[in-house]
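Rule-based calculations on the coordinates, nothing more; no lab input. All values reported here derive from a predicted model rather than from experimental measurement. Every residue, glycine among them, receives a Cβ derived from its backbone with ideal geometry; neighbour counts consider all protein chains shown.
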Amino acid sequence: MLQDPTFWVAVGMVGFLAMLAYLGVPKLITKALDDRADAIKNELDEARRLKEEAQSLLAEYERKQKAATEEAQSIIAQAKEEAEALAVETEKKLEETIDRRTKMAENKILQAQLQARKNVQAYAADIAVQATEQILSSDLSKAKANSLIDDSIASLKDRLN
């Protein structure tokens, strides 16, 4: 048995393990593994905390986005209402302007008609005066002149009414 190499390998191995135990290597390995486990636990806790923080930020940004979308929609609706009101007001003002200009044009036409009538009457009166002067300048008898004057006065009454 002392000559068997397996025995000496086993003795060497037991001696090596005893020496490792004497030097405290198992405690160092245990401590290193515990430190590594604590570091992993801390990293997991940090990752969990960051995940929760990211979720809360995401929820906050989604709320902000929703609020911004609602505000944009209300602004668009308000702008549409204002545009419609402006269109109605503009159309009303346009109609008022057209009505006012139409009335002004009608008044100008009426004034032009009245002026034309006055001009025609004045021209007719001038012609009548010239004709009367011509007739009177020619030798008319008094009876015939009186009859023409009476006829002219009667026709003037009819024309003026």
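Once the other residues with Cβ under 14 Å from the Cβ of ILE76 are scored (Lys, Arg +1; Asp, Glu -1), what is the net sum?
Neighbour charge sum, excluding ILE76 itself: -4.
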Dipole of the chain, positive direction: furthest Cα of ALA67, ALA18, ILE153, with charges on the beta-carbon: ILE153
Reach of LYS103 by Cα under 14 Å, taken over aspartates and glutamates that are not fewer than 8 positions away in the same chain: GLU95
Estimated FRET transfer efficiency (VAL88, LEU110; beta-carbon r; R0 35 Å; 0.05): 0.60
Degrees, to the nearest 10: 142-160 long Cα axis against longest axis of the chain: 20 degrees
